[in-house]
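Enquirer: Following this message is one structure expressed as structure tokens.
The values are calculated or read from the model by the stated rules, or taken from the named source; none is laboratory data. The structure presented is a predicted model; accordingly, all values stated were derived computationally and were not measured. Backbone-built Cβ (ideal geometry, glycine too); neighbour counts: all protein chains shown.
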There are 2 protein chains.
Amino acid sequence: MIPGKGFVRLVEVQKPSLSNNTADAERLEKSLKDEIGTGHIRIPLSVVKTLPSNLRSWGFRAKAVVFRNRESWILIDLLPPESEKALLGAAIDIGTTRIEMALVNLETGIEVGKIGFDNPQALIGADVLTRIHYSAKPGGLEKLNRFVIEAVNQNLASLCQTHGYEKEDIYMVAAAGNTAMTHLFMGIESFEIIKEPYIPCTNIPGTLAAHHLNLEINENALVYLFPNIGSYFGGDLIAGILFSDLDKKEEPCLMVDVGTNAEIVVGSKDFLIACAGAAGPALEGGMSKMGMTAKPGVIDRVWVDPESRDILFHTIEDQKPVGICGSGMIDLAAALFVSGRIDIRGKFSEPVCGRRLIEKEGIKAFILVDKTLSGTGEPIILSQVDLNSLTSSKAAMYTILEVIVKNTAGLEFTDLKKFFVAGTFGSFINPVSAISIGMLPDIPLSTFEVLGNSSLGGAKLLLTSPHAFDRILNIRQSITYIELNVNQEFMNMFSGAKFYPHTDASRFPSIFTPGLPIGDSAE
Amino acid sequence: MIPGKGFVRLVEVQKPSLSNNTADAERLEKSLKDEIGTGHIRIPLSVVKTLPSNLRSWGFRAKAVVFRNRESWILIDLLPPESEKALLGAAIDIGTTRIEMALVNLETGIEVGKIGFDNPQALIGADVLTRIHYSAKPGGLEKLNRFVIEAVNQNLASLCQTHGYEKEDIYMVAAAGNTAMTHLFMGIESFEIIKEPYIPCTNIPGTLAAHHLNLEINENALVYLFPNIGSYFGGDLIAGILFSDLDKKEEPCLMVDVGTNAEIVVGSKDFLIACAGAAGPALEGGMSKMGMTAKPGVIDRVWVDPESRDILFHTIEDQKPVGICGSGMIDLAAALFVSGRIDIRGKFSEPVCGRRLIEKEGIKAFILVDKTLSGTGEPIILSQVDLNSLTSSKAAMYTILEVIVKNTAGLEFTDLKKFFVAGTFGSFINPVSAISIGMLPDIPLSTFEVLGNSSLGGAKLLLTSPHAFDRILNIRQSITYIELNVNQEFMNMFSGAKFYPHTDASRFPSIFTPGLPIGDSAE
């Protein structure tokens, strides 16, 4: 953010005289246009009402809070030039599972508070599909909308209270979510999204009045909703591209957002190709359903002891282990593979596993934690069924990456200058483990960069960067969205990727012969 | 109005398919843009909410109610394509004294009802100045605003009821008034209008939400307020120019609006020069203060009997005479002058008036109606004081016309192809009488055209003519507003015009020698 070039501007309005007796509102409009460099700005009646007395008592200077719409700018409020009133923006990532919000000081661009909470719509259904079906029932849409808006209102209020602000200090909101979540946030009909030919109600909601959305913040506040590309490519991804600067890169980079679905964008300033993994049945529900949610006692890291070749692990808050989370599962699979405990077909090797391998109702399972050491009194195991599911997921991820990077963009993985991993789940993945099992391509570790919640990051960026509106329009226009075509070729590629790390082991030169320790993951 | 090219449009929206899976709102937007030929149209959340189910149940066809703002169009509502719901617009002339409103069917352009009522702000002050002073007192502005808005709401409701409509059928409003009335209608600070350097709060209010103005009509309705040129040249005049087509004329024409003030515009498609008579002290309060308001028994026409050379008159509804109205006064002065009863200096001629001339408290007065024939029991008279006042007014009017037509536009009166007389008062003036006394220039009678309430006419026009928005912007941009400079030259011209018809009688060749009857005024 260039200081003073965000959405708060100091303006000086020409003083009127007999020779310049245009109206106050028109002189203010001219000053704002000059300051912003825009052709049109809308001044609301609420500001016009008291403009003459305000301008005169403020010496024809003012602090203007402005915002953008598609083509034009909108003045939200006008304050005394020396006003020290807090001017805040709220960034919201409307996740299907979790909603995260940040408060940003519009004048400094600094984040002043953050909060996260479960999306209360989960009470109606954990996934998008269930909620959309529910929205078609009488009163269903209104209920889903009320759930999310009330939760946002409550959490914004508590966030403000915690940090010593008023709700009325929030003048603008930037919100990003997938297409369905964006629809439900606005309370607009959503059911066509899931019916062929998969038509959203709107892709470009633009800038709306906060009170039209029943958001209880400043009465003049405006809300920008990130646009969608289509039913399966939402504003959260656009926000992610914005946050990663993918659209500004000189050389090709890739971003993968591993959230409820896996979504991938590859590109640079010259092109953008996107693909949403939800279209691939192998990944349906996939990655994020693996393992349990992070909480004390959950195993989040697993590695092979270089001396003993034992499988070691770490639990959250160093509690007695109670289960294993998704990123822990990937670590575990990698550890089992590099120590030879699972073979290249993804099957447990009895000789190597030894007495750690049991059979339960005819299904083999590896005991990671004995029941005597477990926090639940039950052993913590990885069954062949769990492992098969992980194998499918990692193979699907690799195949989709291959389809988009090689087959579609015509690049090699090594052409990628950056490999951004976004999303809450993605943030915890150890790239070394992911490469070891052939889930991510074997490219230099320095290529990988964890973005965290890139949807929230993009929304925050927008609050202090008027130019982001143009970038978003450009991203929307330049992006090519490909539907994943699950044909015979895909299935062949997928079959190869189900091996550890791959049938074509030459693609993973940095993975040592199975059986050797992987030191990096043991930090 | 070109049928179907107003603010109600039938649109056909492309059906979605797997190959055209853009969102419903975007396909509607495209159809509307194509239909209207605009670059941008705003679609409100209220329409987006139920768009998917509506489009599908209406077979992807719809009736769209649209309106304009400065640069862009706005969709107000979307209805079934075969909807027979009444779609109305309300035109409002916000007069200082009287408010007139008309309901227009937006699909046919036909006026379906009309109502007029006194501006209730008159309870606070009859003139603009008193009201603006009052608006600066605590609560004053709110009260003035409430008065006018409540009266408009009540009268719109009763107008709708009378003609079998609902208030909710009104989707748009076009309102025109002078600068002060427009300000008070919006409830915006108005006091700088009357303080040097006379700065309006806003000159271009544009299109506002009806509910922001507390207008109780359709909840999505929009209100267009005609822009002002400045504190002394309001939207009512712009509406008048629009109504008279002055801005489209091939050759120069003139429009004079004789309302509370006299305002004059001369011009054509090539130029527009305007002048507001309020700046001329001789006309202050002037014309419209003469005589009484029209009601039964009021003398509205006066003429000389060609045979007897008696002064004859007509009263409204043929009741016994109770007084004389403004246009009757002009007729009377003309009749007295052409019959030789007043001389070229505007003084009563004792020999010609005979016993009809009396002296009361040292002031001469002409008895028009003897007390025995009067409806009040008192004689109806015209005193020398009344006559002097009328002489000043008619001289001021002529002088202002001369200044603007000759000195400013560099034209002769005979260059004017049309001389439009607008305003309620102006509607009743007999041009023959006005020429006879030297109030209006001596040009062919066919040149004169009475417009009636041109402010209301312009507002009505706008409701069915989207192109009027562009014309208004052009009028605002091309108009030259001249301040009347009451200098020595003006006073010299004014002195000459105080004679009957003028010191330079050659300017009025069609006025016969005083003493001869003027047949035309007797129908």
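Enquirer: Within region B:167-187, track down each residue that is part of a loop (DSSP other than H, G, I, E, B) and either crowded, with 24+ Cβ neighbours inside 10 Å or without any contact (Cβ under 8 Å) to a residue 12 or more places away in the chain (or both).
Expert: The one that is part of a loop (DSSP other than H, G, I, E, B) and either crowded, with 24+ Cβ neighbours inside 10 Å or without any contact (Cβ under 8 Å) to a residue 12 or more places away in the chain (or both): B:Asn178.
Enquirer: What are the residues in region B:317-354 that are among the aliphatic types (A, V, I, L, M) and either buried (at least 24 other Cβ atoms within 10 Å of the Cβ) or more than 17 Å from B:Phe508 (Cβ to Cβ) (or both), if any?
Expert: Hits for region B:317-354 are B:Val322, B:Ile324, B:Met329, B:Ile330, B:Leu332, B:Ala333, B:Ala334, B:Ala335, B:Leu336, B:Val338, B:Ile342, B:Val352.
Enquirer: Do the conditions hold for B:Met186, that is, is it assigned by TED's automatic domain parsing to the domain that holds B:Asn155, more than 15 Å from B:Gly89 (Cβ to Cβ) and among the aliphatic types (A, V, I, L, M)?
Expert: yes
Enquirer: Take the residues of region A:316-353 that are in contact (Cβ under 8 Å) with a residue 60 or more places away in the chain and polar (S, T, N, Q): which is nearest to A:Val298 (Cα to Cα)?
Expert: Here the answer is A:Ser327.
Enquirer: Select from region A:465-481 the residues that are without any contact (Cβ under 8 Å) to a residue 40 or more places away in the chain and part of a helix (DSSP H, G or I) and write down the one among them that is surrounded by the most Cβ atoms within 10 Å (Cβ to Cβ).
Expert: Applying the filter and picking the extreme gives A:Asp470.
Enquirer: Another question, if that's okay. Does any residue of region B:234-252 turn out to be buried (at least 24 other Cβ atoms within 10 Å of the Cβ), over 19 Å from B:Phe469 (Cα atoms) and either within 14 Å of another protein chain (Cβ to nearest Cβ) or modelled with pLDDT of 95 or more (or both)?
Expert: no
Enquirer: Next question. Return the total of residues in region B:41-88 being small (Gly, Ala, Ser) and in contact with a Lys or Arg (Cβ under 8 Å, 6 or more places away or on another chain).
Expert: Residues in region B:41-88 being small (Gly, Ala, Ser) and in contact with a Lys or Arg (Cβ under 8 Å, 6 or more places away or on another chain): 3 in total.
Enquirer: More than 26 Å from the chain's Cα centre (by Cα) and not in a strand (DSSP E or B): is that true of B:Ser158 in this structure?
Expert: So B:Ser158 fails the test.
Enquirer: Based on this model, can you work out whether B:Val265 counts as in a strand (DSSP E or B), within 14 Å of chain A (Cβ to nearest Cβ), touching a strand residue (DSSP E or B) at 6+ places or on another chain (Cβ under 8 Å) and buried (at least 23 other Cβ atoms within 10 Å of the Cβ)?
Expert: no
Enquirer: Would you say A:Ile110 is aliphatic (A, V, I, L, M) and buried (at least 19 other Cβ atoms within 10 Å of the Cβ)?
Expert: no
Enquirer: When region A:161-204 is examined, which residues are found to be within 14 Å of another protein chain (Cβ to nearest Cβ) and of a type in the set (Lys, Arg)?
Expert: Of everything in region A:161-204, just one residue is within 14 Å of another protein chain (Cβ to nearest Cβ) and of a type in the set (Lys, Arg), namely A:Lys195.
Enquirer: Okay, moving on. Look at A:Ser72 and say whether it is surrounded by fewer than 18 Cβ atoms within 10 Å (Cβ to Cβ), farther than 24 Å from B:Asn214 by Cα and under 37 Å from the mean Cα position of the chain (by Cα).
Expert: yes
Enquirer: Checking A:Tyr134 against (1) of a type outside the set (Val, Ile, Thr); (2) assigned to a strand (DSSP E or B); (3) free of Cβ contacts under 8 Å to residues at least 12 places away in the same chain, which test does it fail?
Expert: Going through the list (1) of a type outside the set (Val, Ile, Thr); (2) assigned to a strand (DSSP E or B); (3) free of Cβ contacts under 8 Å to residues at least 12 places away in the same chain, A:Tyr134 breaks only (2).
Enquirer: Output yes when any residue across region A:449-464 is in a helix (DSSP H, G or I) and either under 26 Å from A:Lys498 (Cβ atoms) or not assigned by TED's automatic domain parsing to the domain that holds A:Ala505 (or both), and no when none is.
Expert: Taking every residue of region A:449-464 in turn, none turns out to be in a helix (DSSP H, G or I) and either under 26 Å from A:Lys498 (Cβ atoms) or not assigned by TED's automatic domain parsing to the domain that holds A:Ala505 (or both).
Enquirer: Does any residue in region A:442-458 that is without any contact (Cβ under 8 Å) to a residue 24 or more places away in the chain come within less than 9 Å, Cβ to Cβ, of a residue that is in a strand (DSSP E or B) six or more places away or on a different chain, and which pairs are these?
Expert: Final answer for the pair search is none.
Enquirer: (1) crowded, with 24+ Cβ neighbours inside 10 Å; (2) in contact (Cβ under 8 Å) with a residue 40 or more places away in the chain; (3) not assigned by TED's automatic domain parsing to the domain that holds A:His467: which one isn't true of A:Pro200, the others all being true?
Expert: The one condition A:Pro200 does not meet is (2).
Residue-by-condition table, conditions (1) of a type outside the set (A, V, I, L, M); (2) more than 21 Å from B:Asn214 (Cβ to Cβ):
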position	(1), (2)
B:Ser53	yes, yes
B:Leu103	no, no
B:Phe117	yes, no
B:Arg131	yes, no
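Enquirer: Scan region A:322-360 for residues that are under 18 Å from A:Val432 (Cβ atoms) and among the acidic types (Asp, Glu) and jot them down.
Expert: Selection gives A:Asp331 alone.
Enquirer: A follow-up question, please. Among the residues of region A:207-226, which ones are within 11 Å of chain B (Cβ to nearest Cβ), surrounded by fewer than 24 Cβ atoms within 10 Å (Cβ to Cβ) and farther than 14 Å from B:Ser46 by Cβ?
Expert: A:Thr207
Enquirer: Read through the list (1) buried (at least 22 other Cβ atoms within 10 Å of the Cβ); (2) in a helix (DSSP H, G or I); (3) of a type outside the set (A, V, I, L, M, F, W, C); (4) at pLDDT below 95, then give the number of the only condition that A:Pro501 fails.
Expert: (2)
Enquirer: Another question, if that's okay. Could you list, in sequence order, the residues of region A:402-423 that are out of contact with any strand residue (DSSP E or B) (no Cβ under 7 Å at 6 or more places or on another chain) and part of a helix (DSSP H, G or I)?
Expert: A:Glu402, A:Val403, A:Lys406, A:Asn407, A:Phe413, A:Thr414, A:Asp415 - these are the residues of region A:402-423 that are out of contact with any strand residue (DSSP E or B) (no Cβ under 7 Å at 6 or more places or on another chain) and part of a helix (DSSP H, G or I).
Enquirer: Oh, and also: Given the criteria over 27 Å from the mean Cα position of the chain (by Cα) and either small (Gly, Ala, Ser) or in a loop (DSSP other than H, G, I, E, B) (or both), does A:Lys371 qualify?
Expert: yes
Enquirer: Here's another thing I want to ask about it. Which numbered condition in (1) without any contact (Cβ under 8 Å) to a residue 40 or more places away in the chain; (2) out of contact with any strand residue (DSSP E or B) (no Cβ under 9 Å at 6 or more places or on another chain) is the only one that B:Asn153 fails?
Expert: (1)
Enquirer: If you check B:Val450, B:Val385, which single one turns out to be surrounded by fewer than 17 Cβ atoms within 10 Å (Cβ to Cβ) and over 22 Å from the mean Cα position of the chain (by Cα)?
Expert: Result: B:Val385 is the single residue among B:Val450, B:Val385 that is surrounded by fewer than 17 Cβ atoms within 10 Å (Cβ to Cβ) and over 22 Å from the mean Cα position of the chain (by Cα).
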